[in-house]
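Please read the structure below before turning to the comments.
What follows is calculated from the coordinates using simple rules that are stated; it is not laboratory data. What you see is a predicted model, and the numbers here were worked out from it, not measured in a lab. Positions of Cβ are backbone-derived with ideal geometry, glycine not excepted, and every protein chain shown enters the neighbour counts.
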Amino acid sequence: MYVCGMTIYDLCHIGHARMMMAFDVVQRWLKSSGYRVTYVRNITDIDDKIIQRALDRGISIRALTDEMVLAMHQDIDALGIERPSVEPRATEYVPQMLNLIAQLQAKGLAYQASSGDVNYSVRKFPGYGKLSGKSLDELRAGERVAVQDGKEDPLDFVLWKAAKPSEPADAKWDAAALGHPFGTGRPGWHIECSAMSCATLGESFDIHGGGADLQFPHHENEIAQSEGASGKPLARFWVHNGFVRVDNEKMSKSLGNFFTIREVLVKYEPEIVRFFLLRTHYRTALNYSDAHLDDARSGLKRLYTALDLAPSHGLQTVDWSNDYALRFKAAMDEDFGTPEAIAVLFDLASEINRNKSAALATLLKGLGECLGLLQQDPKRYLQAGATVSGERIAALIAERAAAKAAKDFARADGIRKQLLEEGIVLKDSPAGTTWEVQP
């Protein structure tokens, strides 16, 4: 599986987390289903925004991108998003990109313009538009831009950008030194993924993924490049995740309506954010708001409360013959249906609440693991964030028990109320009194 990853010039926002979470679940479920998975998610570490940001900060491109890669890893590690098997950086694959451009030129699909750029000749690739469903006639009808920079056609896109005198030295490669007559420059965006996917997975592979906004033109252009060079299908399946929306607009840095992962994690525990992202199907637009995250917090608490009522036997292989497990599997097998799978988790939690079954609690934890959920100690999760020490709470619970034994119910109720005012909820059961933090 190859997934188009981050262009790293700034911190990742929740929209980026949604993309990486979607494919984290895909690879987790494929592994749970018995597949051996090689998961490649690239890093774009050279483009106009990266160059400009490095110049603005007065640092090298590598210093900026190393800083942003470290920040990205910290953020997604916090969300339990597993690292891919391979994480290629574009700047490490420039020779492969140049080799691919040379192949395309040899096949008459690429040409060097008067500007020095090397462009792809879209109309010479018969299958252009087959992924997005856009025909060349439709694209031609929408053309309103004059041919510029020596392009033969407005639809043509750049494979190799000729260097500009104003660009810093670390934004340029000498193609001649790498065996190609294309001059000094840098790769276009689309050629990066064609070269990196081929280098890491071969000319054809199983799944290609990315955000819905990449279907056209990025993925359409990847197909044109890769299949134009190899003559083989690039990917068997194309998978695209939906956007995160704020006030009915796509969350994006260009609109300025984004929330970084770090900003959100200041207010919400990482597993709550993960749960929030997984409650909506990966292809569906997801509405971001504090209200939705608060609801996710309450839902996740319900699942952990069930686990706390009936301690599981620990990690073990899921019994896939169990009715709950079969329903969970059917949901996930139907296009990685996490909302339906999570509904099964809630049904299972309700059953645990009724019969306190440790076996079912073990199953709940095992199914949760398939989604990267419910792996914390339940009591620790439910008590996290308390502003009152555990020792003081235990002392007040003991004092309350003594008051109840002495039939001093006013004092017992006063202790409950006192703790509630401090954000601590007491829960009585035949096994004794436990506590958790109020949502």
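One quarter of the convex hull surface built on the alpha carbon atoms of the range 1-83 amounts to 5.5 nm², the projected area averaged over directions.
For the range 289-337, the equivalent ellipsoid built from the Cα gyration tensor has semi-axes of 24, 19, 8 Å, listed from largest to smallest. Backbone amide hydrogens, once placed in the peptide plane, bring GLY183 within less than 5 Å of ALA175, ALA176, excluding anything fewer than 5 places away on its chain. What the Cα convex hull of the range 322-387 gives, in volume per residue, is 94 Å³.
Across the chain, C-alpha contacts under 8 Å between residues 6 or more apart give a mean separation that, scaled by the residue count, equals a relative contact order of 14 percent. Close amide H partners of THR7, meaning residues 5 or more places away or on another chain with modelled amide H under 5 Å apart, are THR44. In terms of Cα atoms, the Rg and Dmax of the range 153-205 work out to 13.1, 39 Å.
Name the residues of the range 26-46 whose amide N is less than 18 Å from a point 7 angstrom out from the Cα of TRP320 along the C-beta direction? Label zone hits: 26-38.
Counting 0.36 nm for each residue step from TRP238 to ASP174 and taking away their Cα separation leaves a gain of 19.6 nm.
From the convex hull of the Cα coordinates of the range 385-437, what is the mean projected area in square nanometres? Averaged projected hull area, Cα only: 3.4 nm². Expressed in units of 2.2 N^0.38 Å, where N is the residue count, the Cα radius of gyration of the range 47-121 is 1.51. Relative to the longest principal axis of the Cα atoms of the chain, the long axis of helix 94-106 makes an angle of roughly 50 degrees. Percent of Cα pairs in the range 37-169 per distance bin of 5 Å, from zero to the largest separation: 2, 8, 13, 15, 16, 16, 13, 11, 6, 1. 3J(HN,Hα) couplings calculated from phi for the range 14-24 with the Karplus curve 6.51 cos²θ - 1.76 cosθ + 1.60 (θ = phi - 60°) are, in sequence order, 5, x, 5, 4, 4, 4, 5, 5, 4, 7, 4 Hz; Gly and Pro show x. Please tell me which of these pairs span more than 27 angstrom C-alpha to C-alpha: LYS356/LYS379; LYS379/LYS407; LYS407/LYS427; LYS301/LYS407; LYS124/LYS232; LYS379/LYS417? Exceeds cut-off: LYS379/LYS407; LYS301/LYS407. Looking only at ALA78, ALA291, ALA330, which one moves most when the chain is put into a Gaussian network model with springs between Cα atoms under 10 Å? In this elastic network of the chain, the residue with the biggest mean-square fluctuation among ALA78, ALA291, ALA330 is ALA291. In the set (1) 1.21; (2) 1.64; (3) 1.30, the label that goes with Cα Rg over 2.2 N^0.38 Å computed for this structure is (1).
From the C-alpha coordinates alone, can you work out the Kirkwood hydrodynamic radius of the range 222-371, in Å? One over the average 1/r among Cα pairs gives 17.7 Å for the range 222-371. With only Cα atoms counted, the range 185-228 has Rg and Dmax values of 10.3, 32 Å. Ignoring lysines fewer than eight residues from LYS253 along the same chain, the ones with Cα atoms less than 29 angstrom from its Cα are LYS49, LYS134, LYS161, LYS164, LYS172, LYS267.
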